[in-house]
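Enquirer: My questions will all concern the structure given below.
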């Protein structure tokens, strides 16, 4: 079954060979190096216009480079998920955990991931936790999987892909959602 997949996010997503790794699908890599959650929000109209069968989101680490708080990143990720779900009720959506990087970012990233993991089901979005495959116990990106404390090497992408492929199979086993639960702004 050939479906259209839209990859949305930062340079870690942009660097993936998604077309090669998913040759049975029509792949749109809309990610860009340096993207923060703010840039992804500004792209949502383009994604909505594309109307893909599935959207795979991976963004948030660059926000931390700009010293954005975990609350800021979580709010933007909630906005992204809610906006896409409301506009594309028949599209399957997967949000991936913010990937590990240097150990000094670990507690902030864990906080972001915990909040997104809790929020995703309210929007009928599948959450994919990549930390078990990529992080050391202290929360740092496993040096065997990266070229620095942020970017992945081929082994890192292979570890990611080993989690993503079954995650996508699960995503397509379930029917798409047709409702979203609104964000309650205080």
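Enquirer: Considering only region 135-171, how many residues are in contact with a helix residue (DSSP H, G or I) (Cβ under 9 Å, 6 or more places away or on another chain) and outside any helix (DSSP H, G or I)?
Expert: Total satisfying the criteria: 14.
Table: residues versus (1) over 15 Å from the mean Cα position of the chain (by Cα); (2) within 19 Å of residue 127 (Cβ to Cβ).
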position: 25; (1), (2): yes, no
position: 37; (1), (2): no, yes
position: 43; (1), (2): no, no
position: 57; (1), (2): no, yes
position: 60; (1), (2): no, yes
position: 63; (1), (2): no, yes
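Enquirer: Follow-up. Can you find, within region 115-134, the residue that is surrounded by the fewest Cβ atoms within 10 Å (Cβ to Cβ) among those that are more than 19 Å from residue 175 (Cβ to Cβ) and out of contact with any helix residue (DSSP H, G or I) (no Cβ under 9 Å at 6 or more places or on another chain)?
Expert: Looking at residues that are more than 19 Å from residue 175 (Cβ to Cβ) and out of contact with any helix residue (DSSP H, G or I) (no Cβ under 9 Å at 6 or more places or on another chain), I get 118.
Enquirer: Among the residues of region 114-125, how many are outside any helix (DSSP H, G or I) and at negative phi?
Expert: Qualifying residue count, region 114-125: 1.
Bear in mind these aren't lab numbers, they're just calculated from the coordinates by the rules spelled out. What you see is a predicted model, and the numbers here were worked out from it, not measured in a lab. Counting neighbours? That spans all protein chains shown, and the Cβs are built from the backbone with ideal geometry, glycine included.
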